[in-house]
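A quick write-up on the structure given underneath.
The values are calculated or read from the model by the stated rules, or taken from the named source; none is laboratory data. In this text, all values refer to a predicted model and were calculated from it rather than measured experimentally. Backbone-built Cβ (ideal geometry, glycine too); neighbour counts: all protein chains shown. SASA here: full protein model, heavy atoms, side chains in, ligands and nucleic acids out. Shrake-Rupley method; radii C 1.70, N 1.55, O 1.52, S 1.80 Å.
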Amino acid sequence: MSGKPTEQVSQERSGAGGGEGSHEQGLVPGAVLDHGRYRLLTQVGSDDRCAARLWRAKDGVLGRDVALTVLVGDRANAEHAANARRTLERAMHASTFNHVGVARVLDVVTQSPGDPECVLGLVIAEWTHGTDLLDLVAEGPLPPGTAARLLQPLAAAVEAAHHAGLVLGADHPQRIRVTSEGEIRMAFPGPLPHAGSGEDVRGLGATLYLLLTGYWALPGGPESAPRAPTDADGSLSMPRTLRPIVPLELSTVSVRALGTPETTGTTGGVRTGAAVLRVLEQYANAEPSSTVMQSTPAGSETRENELWHTEDPKPDSSRRRKLTIGVAVLTIATLVVLGWGTAALVGLMTGSNANSGPSVVLRPERTDNGRQQPAQPPPSAAGSVPITRADVFVTEQNRDNRADAGLVHDGDPSTHWNTDSYNDQFGTGFKNGIGLLLTLEKPATITEVTIRSPSPGTRVEIRAASSTSPTLESSRVIGTGTIQAESTRIPVKADEPTSHVLVWINKLSRDGRYSSRINEITVTGRTQ
């Protein structure tokens, strides 16, 4: 990465800090908007498709940084005013949507007296600490597994928003940022006036294409963003053509999500965020985890970790174990068949008959229609299922003590993760709950979850999740319980295996204030 601070690089790319676009309109650092509440700090981008300026600002009332999408235009122009009004309305609807992959919309305001004449309205959202998306690939594209892992939260957010009838506007690189935890997030909500869900899906394809190749593949991006190359027939070059290490499925979904055959040279386009998310999940764990963004001083080297490792993705340890077990079972089965055949041949040659000893006849099972089926092995006995990863899951933005999540499966009951301390119980304040998302070493049909906790009264739901970036609505409740003693066993009724278990806390323990602590979690189940 460059030795320049992230925001300085972003200003140079967007033309902020010296271009005519901001100075001639009165939008300069230090200017105040909305009756003096928001003081502009740094312009981090610009979306010229809808005349939007993207700023980091300071909320003078609450004393916190916010992300401002400033809609500009001619107040006397009816079309400008109508487009701004439509964007503000859509942003207001999105204020009810909470997801870790999207910055929460805090407020929407129209033009105010004292604002520069060019300002038609503001969308105020939480500020996303981290880096600009284009800065992430400034020195080269990412390893495919890392790209898939980073993009999962945004893809999950797009899918959840579309189910709620909302459009995010995730189709411009400067509206998207990378958090300090290494997750790609919609940082400046506010879709174009007439944008539909297809624009969000194309945005996912373009973002994946950018991470895999370093090129932006949609029109309307910033001038400094490298344009995606095309083949001799004018169609977009496949990422796998530019980088042979990119898996075929990732390469294909990035291009098919982008648009029509005329622009991509493909058929069978991808139209939903769920389709993109399914492919991302297949490759998100193909490479060892690495810290994508660290809080490092300006000028320090940030590419010393495995983020920039470019070897081909290799199967993870669980896949290797499955392959080894499969080969072993096949070998044993082969030896049994050969041994049985040899014994039968020897018996035939020595004239063995029914009086020579008992005979064993192996008969395959029969189905209801009379067809023979091979005997099925009995299910494995329930046992402890190793947990490989734990992360804090929220439907809002703040992940309480996320760095301590791994302590709930470290095997040491003296260590713990705990929620923040709240004045109100979940469901009555600003938060409806918080959870721990556990990734299992291998898929298992869960039968029981044991929680060691000194927080009696804590109520939890055990949910089966489909990925490392699920929504609460998509997860299935398979067990419930209330922590009463130091160790609480929660029975679970699951009818199918899962690789991810969400321990969702919807009621906190109370000791003066509301909070809960978890020392250790053990999952019991039958593995595949």
(Q) Could you go through the range 500-511 and let me know if any residue there is charged (D, E, K, R), in a strand (DSSP E or B) and surrounded by fewer than 17 Cβ atoms within 10 Å (Cβ to Cβ). (A) yes
Q: From E117, E159, grab the single residue that is acidic (D, E) and either under 28 Å from S474 (Cβ atoms) or buried (at least 24 other Cβ atoms within 10 Å of the Cβ) (or both).
A: E159
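Considering only residues that are touching a strand residue (DSSP E or B) at 6+ places or on another chain (Cβ under 6 Å) and in a loop (DSSP other than H, G, I, E, B), look in the range 420-433 and name the one that is nearest to V460 (Cα to Cα).
Applying the filter and picking the extreme gives G433.
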Q. On the given criteria, is N401 modelled with pLDDT under 70, surrounded by fewer than 17 Cβ atoms within 10 Å (Cβ to Cβ) and not charged (D, E, K, R)?
A. no
Q) On the given criteria, is V477 at pLDDT 90 or above, crowded, with 23+ Cβ neighbours inside 10 Å and of a type outside the set (F, W, Y)? A) no
Q: Determine the pairs where a residue that is under 15 Å from A206 (Cβ atoms) and open to solvent by less than 50 Å² (accessible area, probe 1.4 Å), located within the range 231-246, has a partner that is of a type in the set (D, E, K, R) and part of a loop (DSSP other than H, G, I, E, B) with Cβ atoms under 6 Å apart, the partner being 6 or more residues away or on another chain.
A: S237/D231
(Q) Quick check on E441: is it acidic (D, E), within 30 Å of V276 (Cα to Cα) and open to solvent by 30 Å² or more (accessible area, probe 1.4 Å)? (A) yes
**Q.** Filtered residue count, the range 185-227, keeping only those that are open to solvent by less than 30 Å² (accessible area, probe 1.4 Å), modelled with pLDDT of 90 or more and either among the small types (G, A, S) or part of a helix (DSSP H, G or I) (or both)
**A.** 16
Q. What is the residue count in the range 85-103 for residues that are without any contact (Cβ under 8 Å) to a residue 40 or more places away in the chain and either buried (at least 23 other Cβ atoms within 10 Å of the Cβ) or of a type in the set (D, E) (or both)?
A. 1
Q: Determine, yes or no, whether S414 is surrounded by 22 or more Cβ atoms within 10 Å (Cβ to Cβ) and in a loop (DSSP other than H, G, I, E, B).
A: no
Q.
Of the residues L151, L134, L106, only one is open to solvent by 20 Å² or more (accessible area, probe 1.4 Å), at pLDDT 90 or above and closer than 16 Å to M186 by Cα; which?
A. L106
Q: Among the residues of the range 461-485, count how many are more than 23 Å from A284 (Cβ to Cβ) and of a type in the set (D, E, K, R).
A: 1
(Q) Condition check: assigned to a loop (DSSP other than H, G, I, E, B), farther than 30 Å from L151 by Cβ and open to solvent by less than 50 Å² (accessible area, probe 1.4 Å). Does S455 satisfy that? (A) yes
Q: Give me the pairs, please: first residue somewhere in the range 460-478 and closer than 16 Å to G525 by Cβ, second residue anywhere and among the hydroxyl-bearing types (S, T, Y) and modelled with pLDDT of 85 or more, beta-carbon distance under 8 Å, and either six or more positions apart or on two chains.
A: I462/T480; R463/S475; A464/S475; A464/T498; A465/S474; A465/S475; A465/T498
**Q.** Selection from the range 512-526 of residues that are surrounded by fewer than 18 Cβ atoms within 10 Å (Cβ to Cβ) and part of a loop (DSSP other than H, G, I, E, B)
**A.** G512, S515
